[in-house]
Amino acid sequence: MALSHSLGFPRIGRDRELKKALEAHWKGELDEAGLRAVGQRLRAEHWQLQKDAGIDLLPVGDFAWYDQVLGHSLAFGVIPERFRPAAGKPTLDTLFAMARGAVASTNGCCGGAHAQELTKWFDTNYHYLVPEFSADQAFALSWEQLFEEVAEAHALGHSVKPVLIGPLTYLWLGKAKGDEFDKLELLERLLPVYGEIFQRLAEQGVEWVQIDEPILVLDLPQAWKNAFERAYNLIQREPCRKLIATYFGGLEDNLGLAANLPVDGLHIDLVRAPDQYPTILDRLPAYKVLSLGVVNGRNVWRCDLEKALDVLRHAHERLGERLWVAPSCSLLHCPVDLAREDQLDAELKGWLAFAVQKCEEVALLGKALEAPQDAGVQAALAASREVQAARAASTRIHKPEVQARLAATRARHAQRQSPFAERIGKQRERLQVPVLPTTTIGSFPQTAAIRLARQSFRQGKLSLADYTEAMHSEIRHAVQVQERLGLDVLVHGEAERNDMVEYFAEQLDGYAFTRFGWVQSYGSRCVKPAVIVGDLSRPRAMTLEWIQYAQSLTDKVMKGMLTGPVTMLMWSFAREDVPREVQARQLALAIRDEVVDLETAGIKVIQIDEAAFREGLPLRQAAWQGYLDWATEAFRLSASGVRDETQIHTHMCYSEFNDVIDSIAAMDADVITIETSRSDMELLAAFERFAYPNEIGPGVYDIHSPRVPDSAEMAALLRKAARRIPLERLWVNPDCGLKTRGWPETEAALVNMVAAARQLRAEL
Ligand code: GLN
Ligand code: ZN
């Protein structure tokens, strides 16, 4: 039998029960016993859902109170000094303090300790808590959760496979703190804890353990490759059979290494990297299980079962019982249950699959190998064929006008009329702003009143006229404040926007929305990405009226505010029947139309945000240039419909620019605003070295904190910036949008920011 298994299931719950329980617990409205009961119920429910779907081997250890990497840090005793409990083992309070920081001490733990750093899990939008290692790091089994969960599952009669993050991946994800040292030196100290875990699991009667080593799909230094062999030579002596899981890409140069590690099985991602399939068969030792990830765990589309079966049938002939079937990666990255969607039309719903449905697909594929003539199998395959055919022919998603327009797009459309050196003179002439012009990144505080107005409007409780007036009044307020503070380039404040992607997605043709399609982003935070269903276009202007209204209130320059094509794509569920770059270009043309409309209406400065530009970089360096080429081109396509004298800004947060600076320059935005205050302007070094020619607004204060820096502090940062970038090409702005801040601290900080700019101008 070809065993079907799941690498991991979303833990948040189909109604985000875990989110709600966590937040109630943090507010003191739910005690620890109550929270634990919710966790236990969710685990039981999720095992049952997967089992009912037909999964043979269920994952345990994929549940986490906040984050699975943090769970491992607790298990291994990787608890930084500032969180270490005075006595005994860490508790749930320790875990939440590490995740969220601790204002006051709870139960004697960690008063005032700042949280661990949060960062993206590979190329997903999930964020994990970065383990902190010290040079004298010790490891000790310190958290019983995994064993408790195994016992729980066994008590329910399930056949389970605990999931562990492998030692190399765990070390790779962490950060060396204090004296500099090589994290790899910790490996020998860490391995005995794994040994202990395998022993304990074996005592519980566990047969298989899944060890996630996704770093095998990255470019690894030789020392790390060598360490894999060392580590697994030791691990192989421990009990339990071991399946190494790799995902999010192909093994490529690590394929031989991964295939030959002394363990009992290997999982590979055939959705992201189908090409590794035939090669792996030749390299895999004859005793090993091969798990093929053929159902995409990263999106919301139904699997093309026939296509998946082609590969599986071939593999089954060669491997027989040694073939396992699985999703490509943990289902953590897709929503829970499509059955919950009560407002999607039948056609679209028929094209989608969430975690529960993906488990059904995996099980069906496993069954199709054993019993191809089974009536249920036949019916499912026929339905899958029908879906594929209907989608391929659907006029709902294939739009000849959109495709024709894209086909007619030429290189010149992705190029401004004149080079920056010529444009900038015309822009300065027209804008009449002083040197070191001051501006903000777009959003102003999203107050409770704003959210209420938006919500009431959506629910039909507020008329369009009343809603518009409520938003106008917010815009008036924002404009008044900015004029009073003396900012040079104003913004309307984005009160009407729930989210910088969803707001635009809702107005474009080709997008669809789910009601319950939540995916965990970090901790209790979830996102509900919009779904790109078909060819994308802009039926009508999206922001024009708001920006025009804002401009009508002031003689100062009003900046139009848009989200760029790359960010729109990265933060949506993308199509899989069309390449990503095509979707980016379609988005680019839609945004381009908006840019041109804004220009025609007299808007002189337009910002196209590309917050997700850098995070779109592929995991493998060899693939970078291909991505950067289409991503920069898409941005330029969106920005280049305007005359020289219209100034295009872009904004990027959370970015390192060193290794992509030539592409940033290739975007050719007249002004780029970036987040720099926390790095003390260090990020400007890349721009300096490259002799970046266009203008830059390095953020002079951190908007993530309510702290209001004084003007001397900001002026000092500006002086630092001016040592790297000529003053006449610098702008003055905060690090990012202000939507998460309150008005008092926003005004106070902006007063100081304007004062800092004036001070520097006076020194000229
Ligand atoms: N214009 C957006 C804002 O100010 C930019 C947000 C972002 O870059 N994340 O909110
Ligand atoms: Zn930002």
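The values are calculated or read from the model by the stated rules, or taken from the named source; none is laboratory data. Just so you know, these numbers come straight off a predicted model, no measurement behind them. Note that each Cβ is placed from the backbone with ideal geometry, even for glycine, and that neighbours are counted across all protein chains shown. Only protein heavy atoms, including side chains, enter the accessible area calculation; ligands, DNA and RNA are left aside. Shrake-Rupley method; radii C 1.70, N 1.55, O 1.52, S 1.80 Å.
Is one or more of the residues making up segment 735-746 in contact with a Leu (Cβ under 6 Å, 6 or more places away or on another chain), open to solvent by less than 50 Å² (accessible area, probe 1.4 Å) and either more than 16 Å from ligand 2 (Cβ to nearest atom) or in a helix (DSSP H, G or I) (or both)?
Yes - at least one qualifying residue is present in segment 735-746.
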Mind counting the residues in segment 318-331 that are surrounded by fewer than 24 Cβ atoms within 10 Å (Cβ to Cβ) and in a helix (DSSP H, G or I)?
-> 5
Residues located in segment 628-647, provided they are touching a residue at least 60 places away in the same chain (Cβ under 8 Å), in a helix (DSSP H, G or I) and of a type in the set (A, V, I, L, M) = Ala631, Ala634, Leu637, Ala639
Heads up, the helices (runs of 4 or more DSSP H) in segment 21-113 (entirely inside) with at least 3 residues that are open to solvent by less than 10 Å² (accessible area, probe 1.4 Å) and touching an Asp or Glu at 6+ places or on another chain (Cβ under 8 Å) are none
Within segment 232-317, strands (runs of 3 or more DSSP E) holding 1 or more residues that are surrounded by fewer than 17 Cβ atoms within 10 Å (Cβ to Cβ) = 241-245
Reported set for segment 551-564 where residues are surrounded by fewer than 20 Cβ atoms within 10 Å (Cβ to Cβ) and outside any loop (DSSP other than H, G, I, E, B) is Ser552
When both residues are 6+ apart or on different chains and their Cβ atoms are under 6 Å apart, which pairs have a first residue that lies in segment 394-411 and is among the acidic types (Asp, Glu), and a second that is at pLDDT 95 or above and open to solvent by 60 Å² or more (accessible area, probe 1.4 Å)?
-> none
Exactly one of (1) free of Cβ contacts under 8 Å to residues at least 12 places away in the same chain; (2) more than 16 Å from ligand 2 (Cβ to nearest atom) is unmet by Asp668. Its number?
-> (1)
In segment 692-713, is there at least one residue being touching a residue at least 60 places away in the same chain (Cβ under 8 Å), more than 16 Å from ligand 2 (Cβ to nearest atom), under 25 Å from Gln625 (Cβ atoms) and of a type in the set (S, T, N, Q)?
-> yes
Could you list, in sequence order, the residues of segment 576-590 that are open to solvent by less than 10 Å² (accessible area, probe 1.4 Å) and touching a Phe, Trp or Tyr at 6+ places or on another chain (Cβ under 8 Å)?
-> Ala584, Ala588
Working carefully through the options Arg497, Arg451, Arg515, find the one that is surrounded by fewer than 17 Cβ atoms within 10 Å (Cβ to Cβ), among the charged types (D, E, K, R) and assigned to a loop (DSSP other than H, G, I, E, B).
-> Arg515
Would you mind stating whether Phe122 is open to solvent by 10 Å² or more (accessible area, probe 1.4 Å), under 20 Å from Ser6 (Cα atoms) and not small (Gly, Ala, Ser)?
-> yes
Which of the following residues is among the acidic types (Asp, Glu), in contact (Cβ under 8 Å) with a residue 12 or more places away in the chain and more than 16 Å from ligand 1 (Cβ to nearest atom): Glu599, Glu545?
-> Glu599
Under 9 Å between Cβ atoms, at least 6 apart or on separate chains: pull out the pairs that start in segment 648-662 with a residue that is within 22 Å of Val596 (Cα to Cα) and open to solvent by less than 10 Å² (accessible area, probe 1.4 Å) and end on any residue that is away from ligand 2 (no atom under 16 Å from the Cβ) and of a type in the set (Val, Ile, Thr).
-> Ile648/Val595; Ile648/Val605; Ile648/Ile606; Ile648/Val642; His649/Val489; His649/Val605; His649/Ile606
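Yes/no per residue for (1) in contact with a strand residue (DSSP E or B) (Cβ under 6 Å, 6 or more places away or on another chain); (2) part of a loop (DSSP other than H, G, I, E, B); (3) of a type in the set (Val, Ile, Thr); (4) open to solvent by 10 Å² or more (accessible area, probe 1.4 Å):
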position	(1), (2), (3), (4)
Ala135	no, yes, no, yes
Glu152	no, no, no, yes
Phe181	no, yes, no, yes
Tyr194	no, no, no, no
Which of the residues that make up segment 213-227 are of a type in the set (D, E, K, R), in contact (Cβ under 8 Å) with a residue 40 or more places away in the chain and open to solvent by 10 Å² or more (accessible area, probe 1.4 Å)?
-> Asp219
Per the list (1) more than 19 Å from Gly425 (Cα to Cα); (2) more than 16 Å from ligand 2 (Cβ to nearest atom); (3) assigned to a strand (DSSP E or B), residue check on Gln625 breaks on (3)
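Which residue out of Phe444, Phe457, Phe513 is under 27 Å from Ala612 (Cα atoms) and more than 16 Å from ligand 2 (Cβ to nearest atom)?
Checking each option against the conditions leaves just Phe513.
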Only one of Glu185, Glu144, Glu207, Glu203 is open to solvent by 30 Å² or more (accessible area, probe 1.4 Å), under 17 Å from Phe63 (Cβ atoms) and out of contact with any helix residue (DSSP H, G or I) (no Cβ under 8 Å at 6 or more places or on another chain); which?
-> Glu144
Single unsatisfied condition, Gln548 versus (1) over 26 Å from His413 (Cβ atoms); (2) of a type outside the set (Val, Ile, Thr); (3) open to solvent by 10 Å² or more (accessible area, probe 1.4 Å) = (1)
Taking segment 421-439 and keeping only residues that are open to solvent by less than 20 Å² (accessible area, probe 1.4 Å) and under 23 Å from Asp668 (Cβ atoms), one is left with Arg423, Ile424, Gln427, Leu431, Leu436, Pro437, Thr439
Pair list, Cβ < 7 Å and 6+ apart or interchain, from segment 183-206 residues that are within 16 Å of Trp143 (Cβ to Cβ) to residues that are of a type in the set (Gly, Ala, Ser) and surrounded by fewer than 16 Cβ atoms within 10 Å (Cβ to Cβ) = Val193/Ala140; Gln204/Ala151
Among (1) under 30 Å from Arg302 (Cβ atoms); (2) open to solvent by less than 40 Å² (accessible area, probe 1.4 Å); (3) away from ligand 1 (no atom under 15 Å from the Cβ); (4) of a type in the set (Ser, Thr, Tyr), Ser456 falls short only on (1)
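Give me a count of the residues in segment 473-494 that are β-branched (Val, Ile, Thr) and assigned to a helix (DSSP H, G or I). Don't jump to the end; show me each part of the working.
Taking segment 473-494 as the starting set, the residues that turn out to be β-branched (Val, Ile, Thr) are 475, 479, 481, 489, 491.
Next cut, assigned to a helix (DSSP H, G or I) only: 475, 479, 481.
Of the residues in that region, 3 qualify.
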Only one of Gly493, Gly486 is within 30 Å of Arg761 (Cβ to Cβ), within 16 Å of ligand 2 (Cβ to nearest atom), out of contact with any Pro (no Cβ under 6 Å at 6 or more places or on another chain) and not β-branched (Val, Ile, Thr), namely Gly493
Can you tell me which residue within segment 599-622, out of those that are among the acidic types (Asp, Glu) and outside any loop (DSSP other than H, G, I, E, B), is nearest to ligand 2 (Cβ to nearest atom)?
-> Asp609
Among residues of segment 672-714 being polar (S, T, N, Q) and not in a helix (DSSP H, G or I), the residue most open to solvent (accessible area, probe 1.4 Å) is Ser705
Criterion: farther than 30 Å from Ala449 by Cα and within 16 Å of ligand 1 (Cβ to nearest atom) - qualifying residue of Ile672, Ile725 = Ile672
